[in-house]
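Structure first, then comments.
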Amino acid sequence: ELFASLHAIVGELMYARNFYFALYDAATGLLSFPYFVDEKESAPAPDKAGKGLTEYVLRTVATLLASPEVVRNLAARGAVELVGAEGIDWLGVPLAVGGRTFGVLAVQSYGPGTRYTQADRSTLSLASSQVALAIDRRRSEEARRKAEARFRTMFEGAPVGIILADLEGRLRELNPAVQRMTGYTVD
């Protein structure tokens, strides 16, 4: 839902018929495409990061406006491998927050009548900073929910007594083991 909304917003600012988010998980080395809209290709399955244009943007942490000539030049230098359908222009921007790059936002055109400009590059770069913040916030919230659920499971299932108190020494929570051992509840 978030990705579709962001796609619609970017689509109001520039040509974005072919649009995707690629997210990189540094722990697993996997690159996934949770949102992928393209008139010629379907979303790739999550896979180890390779040497495509998306990975190039991840490695360089720099916006790339790639015409066919730029792509051929990068491929000739060994900086990228040609993957997917050949387009007219490909524009990718890194998604980064706090010096940590975790993905790429990209658009692509297939028709010669649609060329990306430096203005489009600036627009997508500006949008990516806001998009990165939104994605990072959503990921942080999800990580917090998972951590709280793990804590709750360990707290409730611990075979030893655990008491949570505030700084004034008031008891806030007792796990079931404390209640079994003492017969007391927080109340």
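Once the range 113-152 is narrowed to residues that are under 22 Å from the mean Cα position of the chain (by Cα) and of a type in the set (Lys, Arg), the residue that is least open to solvent (accessible area, probe 1.4 Å) is Arg121. A residue that is part of a loop (DSSP other than H, G, I, E, B), polar (S, T, N, Q) and touching a residue at least 24 places away in the same chain (Cβ under 8 Å) can be found somewhere in the range 99-116.
Total residues in the range 156-176 satisfying the condition of being out of contact with any helix residue (DSSP H, G or I) (no Cβ under 9 Å at 6 or more places or on another chain) and hydrophobic (A, V, I, L, M, F, W, C): the figure is 3. Among residues of the range 9-31 that are free of Cβ contacts under 8 Å to residues at least 24 places away in the same chain, those with a Cβ under 6 angstrom from a residue that is outside any strand (DSSP E or B) and surrounded by fewer than 17 Cβ atoms within 10 Å (Cβ to Cβ), sequence gap 6+ or separate chain, pair up as Leu30/Pro46.
If the requirement is being surrounded by 13 or more Cβ atoms within 10 Å (Cβ to Cβ), farther than 23 Å from Val37 by Cα and either out of contact with any Pro (no Cβ under 7 Å at 6 or more places or on another chain) or of a type in the set (D, E, K, R) (or both), which of these qualifies: Leu91, Leu74? Result of the check over Leu91, Leu74: Leu74.
Of all the residues in the range 36-58, those that are open to solvent by 50 Å² or more (accessible area, probe 1.4 Å) and acidic (Asp, Glu) number 3.
The condition of being of a type outside the set (Gly, Ala, Ser), open to solvent by less than 70 Å² (accessible area, probe 1.4 Å) and touching a residue at least 12 places away in the same chain (Cβ under 8 Å) does not hold for Val61.
Can you name every residue in the range 170-187 that is open to solvent by less than 50 Å² (accessible area, probe 1.4 Å) and of a type in the set (Gly, Ala, Ser)? The answer is Ala177, and nothing else.
Condition test on Glu1, is it modelled with pLDDT under 90, open to solvent by 60 Å² or more (accessible area, probe 1.4 Å), farther than 26 Å from Gln130 by Cβ and acidic (Asp, Glu)? Let's see the steps before the verdict.
Values: modelled with pLDDT under 90: yes; open to solvent by 60 Å² or more (accessible area, probe 1.4 Å): yes; farther than 26 Å from Gln130 by Cβ: no; acidic (Asp, Glu): yes.
Answer is no for this residue.
For the range 97-112, the candidate set comprises residues that are over 12 Å from Arg59 (Cα atoms) and hydrophobic (A, V, I, L, M, F, W, C); within that set, the residue that is surrounded by the fewest Cβ atoms within 10 Å (Cβ to Cβ) is Val97.
Regarding the range 156-175, can at least one residue be identified that is farther than 30 Å from Arg17 by Cβ and part of a helix (DSSP H, G or I)? Outline the logic, then answer.
If we filter the range 156-175 for residues that are farther than 30 Å from Arg17 by Cβ, which is where we start, we get 156-175.
In the following step, the residues that additionally are part of a helix (DSSP H, G or I) were identified as 156-157.
Yes, the range 156-175 contains at least one residue that is farther than 30 Å from Arg17 by Cβ and part of a helix (DSSP H, G or I).
Only one entry in Val10, Val80, Val57 is at pLDDT below 90 and assigned to a helix (DSSP H, G or I), namely Val10. Scanning the range 109-131 for residues that are modelled with pLDDT of 85 or more, among the hydrophobic types (A, V, I, L, M, F, W, C) and within 19 Å of Val37 (Cα to Cα) gives a single hit, Leu124.
The values are calculated or read from the model by the stated rules, or taken from the named source; none is laboratory data. Since the model is a prediction, treat every value here as computed from it, not as a measurement. Quick reminder, even Gly has a Cβ in these numbers, built from the backbone with ideal geometry, and neighbours come from all protein chains shown. The protein model used for the area step is the full one, side chains on, heavy atoms only, and it has no ligands, DNA or RNA in it. Shrake-Rupley method; radii C 1.70, N 1.55, O 1.52, S 1.80 Å.
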